[in-house]
Amino acid sequence: MSGVKTVADLMTLAARTAPKSAGQDFVVIEVVEGEAIQRLGQGMIEYGQRTGKGNFDRDGSNVLKSQAVVLIGLKDADVLNLDCAACGEATCIVPNTQDGEFKGPNCALRILDMGIALGSAVKMAGSMNVDNRIMYRAGVVARELGLIDADFVMGVPLSATGKNIFFDR
């Protein structure tokens, strides 16, 4: 549906222009469509089976039924050197020194930047009546599959059908 693609593009605009700490932008954004959606959804199902982690199959099924997925993440996000302890450390951390489903640790204020970008994006989708849901699991697998070059990422699948596919889960 070309309308969903238009909304995905507007979501990227909303995420890009969302406020960022100290005016520094470490947010990365990609839109997944077509065959890549199939790779992502199937990859999520397989990841859940491989790791034994729950609900990757449920969320993967939702992604397979989506018309687009907007990926929003952080890449090489530096700390603000505020020593604010919001991340749990007394002094600013050295970011991205550990690798797991995501790279971390990350400065809490940079994660907040990503959250504001996500909120701006889903507000746009909602105002355009396109069903969506922020999914950590989609971000894990999108990163693993190389669909986005990010250290920490969330996925937002989009659907425009007669019934919200993300509601009865």
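Every number in this text was worked out from the coordinates using simple rules, so none of it is lab data. This is a predicted model, so every value here is computed, not measured. Please note: Cβ atoms are built from the backbone with ideal geometry, for glycine as well, and neighbour counts cover all protein chains shown.
Observations on the model:
- Zone of Arg50's modelled label, taken as backbone nitrogen in segment 95-115 under 18 Å from a point 7 Å along Cα→Cβ: 99-103
- Packing rank of 84-95, 67-78, where each peptide gets the mean count of other beta carbons within 10 Å, highest leading: 67-78, 84-95
- Once both labels are positioned 7 Å from their Cα atoms along Cα-to-Cβ, the gap between Ala90 and Thr6 label points is 5.7 nm.
- Label positions at Lys163 and Gln42, each projected 7 Å from the Cα along the C-beta direction, are separated by 2.6 nm.
- Whole-Å distance, taken between Cα centres, linking segment 145-166 and segment 44-68: 11
- The chain: angle of helix 2-17 to the longest principal axis, Cα-based, in degrees nearest 10: 10
- Theoretical gain in end-to-end length, Leu64 to Thr97 [0.36 nm per residue, Cα-Cα removed]: 8.6 nm
- Cβ charges +1 (Lys, Arg) and -1 (Asp, Glu), total dipole of the chain, debye: 540
- In the chain, the convex hull through the Cα atoms has an average projected area of 9.7 nm², a quarter of its surface area.
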